[in-house]
Amino acid sequence: MRAMQSLSAVIMAFLICTLLITSSKASAQNNWVDAGMPGRTIGSLRLALDSELGLLAMGHITVTNDYGAPVIPHTNTAEWDTLTGFRGSITDATRYGDTLLVTGNLYEVLSLGDTIPFSGIAAYYDGAWHAYGTFQSTSLVRRLKVLNGELYAIGAFRYADGQECNGVAKRLGGQWVPVGQLAVEPATNTPNLTDAVLYQGDLYVCGSINLAPNSERGIARFDGLNWSAPGGGILGGVAGGRAMAEYQGELYVGGSIYLSAGNAGHMIQRWDGSTWRAVGGHLRDGNNTTDGAARCYALFEHEGRLLAAGGFQYAGGVPAQTFAIWDGERWCGTGDTISNESHSIALHNDTIYLASGRVVNGDSTNTVVKWVSGPLQGNVCSEPVGVVEAASIEPSAFALHPSAFGAWTVLGLAPGPCRLDIYDGKGALVHQTTIAIDAQGKGRLQLSDLAPGVYSCRATSPSASYWAKIVIEQR
């Protein structure tokens, strides 16, 4: 009898333990699920969207097929398909007009039994694959960007179509041409660029690059005539940007950025055209400090917020394992546990996809997961820094006063042209204009179309940025 009682106690303890484990797992955050991508991935992935093929996943992805070589999985629905086979690694793809371009460290396309050689970029048009320019055999084209209708190639190459380009080339007249005279230090060095954007009418590129003659590094700006490093570049011996995105009128740069080297931010910082500033309480390592060498790999704007992915574990002091949300005032984490690093973010059919680690919330994945918990939001957030509080310069003289018929009088600014950006309470840019400031420091702003509420106004002049609050009363 005593043995039976002991056995019953053991069984009961086992059942209670199982129930607790099951209950604990059920109560944990589980916002991401495996997206069902076929094949086996080796290394990091990049996600992109194509108007015809849908969501594309790129990297070194092998599947069992007729080619036995890396492919590009893609999906427009719940089912995935694969695009041909390639010799070499795949880093990006984009559509330029009616042409699909694929790039990476590539040298052959395997298609319908044919082997088609090319150098750096392959183009699919008129029902066949073609070479699309010539890059050195040791080159790597990392990204293809269509900016203001023009196509740019970004990566680790010195020459494109025989011309010295130093990591950035533009497609013009059926060939690749340099963008200005980008000089690097030392002159024999090959930059390794990772991203390109247009900001305030200028072209910005980032990555591993030292600009001559001052060896400023990490980021470069082309104003149509000359290359320069904005704000002195990104400081530090191994510094460099990995990804860029414009958000609320500022340029955000994520990458190998270290606070200890003298930068404004850690893993991420923002540029307003004249000054580098921090982003909340920084992205942080596994110890919730700015001591670690983690990185931010991807930035993506979605529904008025900026999404970040990388190798960090905290954002603004709150847990955010490899994925975080910035709303202009505070960082938020989603409560999910994601192993290793996340490398890319994309939106397809109103669903956010993440190129993640192999274990998400305790479940194995094939490194592409999708958000399944309704509207994307965080469950734990840092204290808001405040839009006005975070401004680089806050002179008490800058103010806006209501006048008649939706007009506002602008005071306290230097004479000359001044750009005004108006943000709502959620941080979304709702109005942008340029006004003239007279010799007395006054200007006039028309806001008759804005609904009642509290707004933040940023005034940007050639020398500085200023912030002020606008309260529009019920009419």
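A short reminder: the numbers here are calculations on the coordinates, not readings from a lab. This is a predicted model, so every value here is computed, not measured. In this analysis, Cβ positions are derived from the backbone assuming ideal geometry, glycine residues included, and neighbour counts consider all displayed protein chains.
Note the count of lysine pairs whose C-alpha atoms are less than 22 angstrom apart in the chain, limited to pairs 8 or more residues apart or on different chains.
The number of close lysine pairs in the chain is 4.
Using the Karplus equation 6.51 cos²θ - 1.76 cosθ + 1.60 (θ = phi - 60°), what ³J(HN,Hα) coupling, rounded to whole Hz, does each residue of the range 243-249 give in order, writing x for Gly and Pro?
Once rounded to whole Hz, the list reads 8, 9, 7, 7, 8, 6, x.
Return the sequence-ordered ³J(HN,Hα) values of the range 434-439 in whole Hz as given by the Karplus equation 6.51 cos²θ - 1.76 cosθ + 1.60 applied to θ = phi - 60°, using x for Gly and Pro.
10, 10, 9, 9, 7, 5
List, in order, the whole-Hz ³J(HN,Hα) value for each residue of the range 322-336 obtained from phi through the Karplus relation with A = 6.51, B = -1.76, C = 1.60 and θ = phi - 60°; use x for Gly and Pro.
With the stated coefficients, the range 322-336 comes to 6, 8, 9, 10, 10, 10, x, 10, 8, 8, 9, x, 9, x, 8 Hz.
Using Cα-Cα distances under 8 Å and only pairs 6 or more residues apart, what relative contact order does the chain have, in percent?
Across the chain, relative contact order equals 9 percent.
Applying a 10 Å radius around every beta-carbon, put 160-166, 103-109 in order of their mean neighbour count, most first.
103-109, 160-166
Do the sum for the chain: with -39,500 (n - 2.57) for every DSSP H run of n ≥ 4, divided by all residues, what is the mean residue ellipticity at 222 nm, to the nearest 500 deg cm²/dmol?
The helix-only estimate for the chain comes to -2000 deg cm²/dmol at 222 nm.
Below 10 angstrom from the Cβ of residue 255, what's the summed charge of the other residues (Lys, Arg +1; Asp, Glu -1)?
Net local charge, residue 255 excluded: +1.
Considering only DSSP beta bridges with both partners in the range 31-132, what is the antiparallel share in %, to the nearest 5?
If we restrict to bridges inside the range 31-132, about 100 percent are antiparallel.
Could you list 37, 58 in order of exposure, starting from the residue whose Cβ has the fewest other Cβ atoms within 10 Å?
In increasing order of surrounding Cβ atoms, one gets 37, 58.
Ranking 419, 40, 330 by Cβ neighbours within 10 Å, fewest first, what do you get?
Ranked by crowding around the Cβ, least crowded first: 40, 419, 330.
Give me 274, 215, 51 sorted ascending by neighbouring Cβ count inside 10 Å, so fewest comes first.
By the 10 Å Cβ count, ascending: 51, 215, 274.
How much net charge surrounds residue 53 when only the other residues with a Cβ under 15 Å from the Cβ of residue 53 are counted, with Lys and Arg +1 and Asp and Glu -1?
Here the charged neighbours net out to -4.
Looking at (i) 23.1; (ii) 25.9; (iii) 24.5, which value of Kirkwood radius over Cα pairs in Å comes from a calculation on the structure shown?
Only one option fits the structure, namely (iii).
Whole angstrom only: what separates the Cα centroid of the range 127-142 from the Cα centroid of the range 199-245?
25 Å
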